[in-house]
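Below is one structure, written out as structure tokens; comments come after it.
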Protein chains: 2
Amino acid sequence: SVNPDLAMERQTASFNVEKLTALLDGGVEQTRIRRAVVAAIESDPVFSRENQYFQTQNERYEAAVRKAVHLQKKMHEMGWTENGPEYKYIYRALSGDVAFLLHRVFMRSISVLGSDKQVAKWIPPATQHQLIGSYSQTELGHGTYLQGLETTAVFDVATQEFILNTPKISAMKWWPGDLGRSATHTVVFAQLYIHGKCYGIHPFIVQVRSLQDHSLCPGIIAGDIGPKMNFEHIDNGYLMLKNVRIPRDNMLSKFCEVRPDGTYVRQGSQKINYFTMTTLRISLLSDEVMTPLMKACTIAIRYSAVRRQSKLKPGEQEAKILDYQTQQEKLLPQLAAAYAFHFINNYLQELFDKGYREIQRKNFDMLPELHALSSGFKAVITHHSTAAVEICLRACGGHGYSLLSGLPSLYTKILASCIYEGENTILLLQTARFLIKCFMAASAGQPVPPSVTYLAAVKPGKCPAKNKLDFLSPDIYTEAYQHVAVRLISSTATKLQDLIQSGVKKYDAWNQCTVQLVQAAKAHCHYIAVKNFAETVERLETKAGIQRIMKLLCDLFALHGIFSNTGAFLHDGYISAAQMDMVTASYLDLLAVIRKDAVPLVDAFDFTDKSLNSALGSYDGQVYQRLYEWAQKSPTNKMSPAYERYLKPLLHNTLSKL
Amino acid sequence: SVNPDLAMERQTASFNVEKLTALLDGGVEQTRIRRAVVAAIESDPVFSRENQYFQTQNERYEAAVRKAVHLQKKMHEMGWTENGPEYKYIYRALSGDVAFLLHRVFMRSISVLGSDKQVAKWIPPATQHQLIGSYSQTELGHGTYLQGLETTAVFDVATQEFILNTPKISAMKWWPGDLGRSATHTVVFAQLYIHGKCYGIHPFIVQVRSLQDHSLCPGIIAGDIGPKMNFEHIDNGYLMLKNVRIPRDNMLSKFCEVRPDGTYVRQGSQKINYFTMTTLRISLLSDEVMTPLMKACTIAIRYSAVRRQSKLKPGEQEAKILDYQTQQEKLLPQLAAAYAFHFINNYLQELFDKGYREIQRKNFDMLPELHALSSGFKAVITHHSTAAVEICLRACGGHGYSLLSGLPSLYTKILASCIYEGENTILLLQTARFLIKCFMAASAGQPVPPSVTYLAAVKPGKCPAKNKLDFLSPDIYTEAYQHVAVRLISSTATKLQDLIQSGVKKYDAWNQCTVQLVQAAKAHCHYIAVKNFAETVERLETKAGIQRIMKLLCDLFALHGIFSNTGAFLHDGYISAAQMDMVTASYLDLLAVIRKDAVPLVDAFDFTDKSLNSALGSYDGQVYQRLYEWAQKSPTNKMSPAYERYLKPLLHNTLSKL
């Protein structure tokens, strides 16, 4: 039975929830396929996550391996293939709680970086899991700066082998997933040396464990890096190499080859390889960032519709916390962001598909723009979403702090996305470098890529809004975002130039501008996200109330960004103080309007109770019953030896007399 | 051997670290006592936290009980008493990793709320641990709003007993520490009913477990609430009462008594009780908030001085990440905040001591101000410190994400401080209510408490700064903070009045202003923190470089607040755009200056390696060695059954054929 407080929220939905779900999925057929996958996965007890919050790191690892092995069987049973329409829903349905994710990266890197011969040799046994692969790039002392990696691979002409070594502790491979306990093979990135000359970083296939008994191979020191904030199910590992010899054929050689005599040969363009890496940043957003954000919104908003606390009006019953303006101000902007990010992700996916087609035609013109967009949006979306999940957690008070709410694990997992696949600050600075370059080009009248043409059309001007309703016009707020982005990019470019002209070295000048460059890159991405949301709303069909509610969310996303960052808009008077008060008024008004549809808006994300795995977020809103029943199953409700050992002697005063 | 990169940082300290430590401790004698306590605790293997990151919730609980019992012995051995000078350092030395914390709250509530007879009966056996107490207030459905608690205590005149009940699931006690597994007794807050009439919430002593065999008493259903984001060592519990009868004498009756015939009598003033609760919010700041913040700063800054990544200058070796402006901008404001909060905490402690003396003289005039300050600063300091620890964690990249860095557990623990002892938003609204009241009074020419007299002296004006150096003048920035606080309080008061005059009900009007009221309360606290920091610096002795470096940190704290919240200062033109550019310039300059003393500034916090319990933060900076050695001890480096069960059959292709 559904909690009546929650049922009531659904009765008054202003739009058709099922239609919105189909819109998010990309069509009713996609919704159908997704639900079929979810149903198949969730009805299989092997994939259950019910005990997850009670399990140790060892138990989580074991379960993840079991699930990964079982998944092979399941896919066969269900007729799902890696190229089928179901495939992309499997990982979401498993909530990522499965091993061998790096095995896929291992296979992809061989496919992309290996010669035809290498692909033919390694891919079939890898596909059949006759070996398990990992991907060893990061070292204890080296992450972001790949050129700094210290692992060495020295070519021995006599034996036609590479000799791999970890010259010092900072060179130890650290973090590779699946490497700690599972992997038999890995792709190792190492500095290639031939006849004493260093040729830079190259990829080598190295066997680390015996295929017979899984013991470590000679010269290999490897293990698990221990406890982390999340990802307990993954055996992130370490690896030290001591004179490990591998055949010459094990260097992945699509782009670079070492001939038997030690001649080093480069061939072809690596650009498609860089493009693949860039694409990875975008492809992770959906599963690793947007899904957790949407889950957190679902949990926090459903809970806020059933949790009653304090009184809004004297004499009435305690109010739903969702009726407090402060609670709305915490949660609804996060909900709007979830939709905004979903639509910008669609935009980026399309752009990257287009980019891929161009690159196949050997046209690499789009690469710098795609790199800048993927870096910037990876950073901006992971940062905002992490902050948003934390807000959702805190907005649920004490119960949000219980692992059983599901929110702590969503938070600790999404947090990692700010760090992996490029640390966010570094990425934003890469976007900023592109923006500064384009701004200079645009200022000099040269052509620039489509996403930055706005830099050429700098208009000083003022915001034309006359009253608070004007701020619900997408033209008004999109223009304001554009203005701020241009101002921040141009003023930082000026500062940079001034410093250099005053005699500061170029690299010092750059460092002295980085705080502001990061701000500029964020402003650029924020502008594009707002513009894309507004354009998406334009294109929606007006039926079933979908366009209306999406327009409101777009307004909220845009005005929240202004309200939380007023200084950027006030600085040069583009928005006046009086206009800023109108923004605030419109923004607060919007909260009260969207609040009415808050529950239907999270229902549209269409998460099952099992996928949320949350005592606070279930569809029926029976929060307290669920917390109580679940807590009773906790291992902490078994007898503890602490009683006999310490408590009893203390209480009975039989401890050795003080 | 100290990492040379770290040693170098210490050689160039501009001030005497030992003198700063003594200043923080409140004198050299305090430093000596603290170090003696730390040495005694850390040399005792029972108190070791070395395995903490590897332990399950059950193991953590068991260790915490063991430590709590051992601590009794230790205190006796060392001659430490609850009233001695060592006492306050014990908890810090244990990093809070000990059980029976609620036992002290149990005892305090009896001392404060109990009659003399009750104190005489319960305190001696509690002191000797012949019973273990807890404190049961919060319910599944009720936290903030105490009047909403649903547990009932019905007086039965016939038997002279109270009959306690949990009428429905939302009334179940939930969260009380030590209750899940340890406590034998607890203070239960329940609605008192006499002859069918409800007299509101009262405290009752209830036995929950047998003193003989620790089994649950009749009518008691209790257990552990299961896994949480942190506090694994504490058995937060649940409690359901089914017709539990307790004698009339078990109602704590210093302020309210039920006579044998059922007559209800109020006596004395409860104000000193409210004062005690208010004091608690301040007293938790030091151990639970400032210490974790200082630890996080120590870890992240030491790590940033030894971690090298990418190149700042072409041709040189990779740079320390602390030399990047973006890294400085992440960490140094957090360091400045740690000092700012330390000094405001001293200020609040003194104010509360004064308040206590006044209250003992039956002068309750200071109560509203103390309540407003303690609410506001509890919220502001916990919020900022939580955000700061998260920034420190993320600033350490992947290694910060490892539990072995110590940062994840500092974060997950400090996060709870935003929720317990009053949820932050609620507390800020209480401060705001006080501010609005005082603003109205001040506007009407009535006297107001000292901390808000500035509300009476509203000057419109503009910031007089002429160049970036002017913004290093405490008068200039303190004035700016004051101006913003007055503006936000007065404009929200006006909005509130306008709404009410336009016919909106008072409670609706209040709700519609709460987002802005929260901003106003924060601005008030921020102003006081800046002012107090500046005044503290004024009073410092000029010797040994202490005043100089504290002045720089004060400037940084103030300018960081303006830089991160420019809109508030730009809104009415108090600070112009040109002046804001000066703020930015001065702020960025300060980062480069303070960076030089960053390591000595965290060294002054004087944490031992054992108390940091961090592979990244140790005094010698041997990060990689420590991570590697520690990870090898992880239970995830033991053989897993996953190999024989799942991996071997998969690799050997002996899984039942797909």
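The values are calculated or read from the model by the stated rules, or taken from the named source; none is laboratory data. These numbers come from a predicted model, not from an experiment. FYI the Cβ positions are ideal-geometry reconstructions off the backbone, even for glycines, and counts take in every protein chain you see.
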Look at the range B:108-134 and say how many of its residues are touching a strand residue (DSSP E or B) at 6+ places or on another chain (Cβ under 6 Å), more than 14 Å from every other protein chain (Cβ to nearest Cβ) and not in a helix (DSSP H, G or I).
0
Single unsatisfied condition, residue B:62 versus (1) crowded, with 17+ Cβ neighbours inside 10 Å; (2) in contact (Cβ under 8 Å) with a residue 40 or more places away in the chain:
(2)
Show the residue pairs meeting these rules: Cβ distance below 7 Å; 6+ apart or different chains; first residue within the range A:8-28 and not assigned by the TED database to the domain that holds residue A:547; second residue among the polar types (S, T, N, Q).
A:21/A:31; A:22/A:31; A:25/A:31
Would you mind stating whether residue A:7 is among the hydrophobic types (A, V, I, L, M, F, W, C), part of a helix (DSSP H, G or I), modelled with pLDDT of 95 or more and more than 26 Å from the chain's Cα centre (by Cα)?
yes
Checking residue B:126 against (1) more than 18 Å from residue B:280 (Cα to Cα); (2) surrounded by fewer than 19 Cβ atoms within 10 Å (Cβ to Cβ), the condition it does not meet:
(2)
What are the residues in the range A:113-148 that are more than 23 Å from the chain's Cα centre (by Cα) and among the aliphatic types (A, V, I, L, M), if any?
A:113, A:119, A:120, A:123, A:126, A:131, A:132
Please verify whether residue B:597 is within 13 Å of another protein chain (Cβ to nearest Cβ) and modelled with pLDDT of 95 or more, treating the condition exactly as stated.
no
Listed residues A:110, A:132; which is touching a Phe, Trp or Tyr at 6+ places or on another chain (Cβ under 8 Å), hydrophobic (A, V, I, L, M, F, W, C), crowded, with 22+ Cβ neighbours inside 10 Å and without any contact (Cβ under 8 Å) to a residue 60 or more places away in the chain?
A:132
Going through (1) surrounded by fewer than 19 Cβ atoms within 10 Å (Cβ to Cβ); (2) in contact with a Leu (Cβ under 6 Å, 6 or more places away or on another chain) one by one, residue A:174 fails only at (1)
Read through the list (1) more than 14 Å from chain A (Cβ to nearest Cβ); (2) touching a Leu at 6+ places or on another chain (Cβ under 9 Å), then give the number of the only condition that residue B:272 fails.
(2)
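Please report, ordered by residue number, the helices (runs of 4 or more DSSP H) entirely within the range A:470-553 with at least 2 residues that are more than 29 Å from the chain's Cα centre (by Cα) and within 14 Å of chain B (Cβ to nearest Cβ).
So the answer is A:474-501, A:506-512.
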In the range B:307-328, residue nearest to residue B:399 (Cα to Cα) [restricted to those that are over 30 Å from the mean Cα position of the chain (by Cα) and not charged (D, E, K, R)]
B:309
Which members of the range B:219-267 meet the condition of being among the aromatic types (Phe, Trp, Tyr) and either within 14 Å of chain A (Cβ to nearest Cβ) or under 23 Å from the mean Cα position of the chain (by Cα) (or both)?
B:231, B:238
Criterion (over 30 Å from residue A:400 (Cβ atoms) and at the interface with chain A (Cβ under 8 Å from one of its Cβ atoms)) met by exactly one of B:401, B:324, B:356, B:420:
B:324
Go through the range B:135-154 residue by residue and tally those that are facing chain A (nearest Cβ under 9 Å), buried (at least 20 other Cβ atoms within 10 Å of the Cβ) and in contact (Cβ under 8 Å) with a residue 60 or more places away in the chain.
2
Of all residues in the range A:79-100, how many are under 25 Å from residue A:136 (Cα atoms), charged (D, E, K, R) and at pLDDT 95 or above?
1
So which residues in the range B:239-287 are at pLDDT 95 or above, among the aromatic types (Phe, Trp, Tyr) and in a helix (DSSP H, G or I)?
none
Which of the residues belonging to the range B:155-177 are under 30 Å from the mean Cα position of the chain (by Cα) and away from every other protein chain (no Cβ under 11 Å)?
B:173, B:176, B:177
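Residue by residue, here is whether (1) over 30 Å from residue A:96 (Cβ atoms); (2) within 7 Å of chain B (Cβ to nearest Cβ) holds:
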site	(1), (2)
A:582	yes, no
A:604	no, no
A:616	no, no
A:625	no, yes
A:629	no, no
A:635	no, yes
A:653	yes, yes
For the condition more than 30 Å from residue A:49 (Cα to Cα), more than 9 Å from chain B (Cβ to nearest Cβ), surrounded by 19 or more Cβ atoms within 10 Å (Cβ to Cβ) and in contact (Cβ under 8 Å) with a residue 40 or more places away in the chain, what is the one hit in A:455, A:427?
A:427
I need the full set of residues from the range B:42-99 which are assigned to a loop (DSSP other than H, G, I, E, B), under 24 Å from residue B:633 (Cα atoms) and of a type in the set (S, T, N, Q), in order please.
B:43, B:48, B:51, B:55, B:56, B:95
Subset of the range B:561-617, residues hydrophobic (A, V, I, L, M, F, W, C), without any contact (Cβ under 8 Å) to a residue 24 or more places away in the chain and in a loop (DSSP other than H, G, I, E, B), comes to none
From the list B:426, B:414, which one is within 29 Å of the chain's Cα centre (by Cα) and closer than 16 Å to residue B:373 by Cα?
B:426
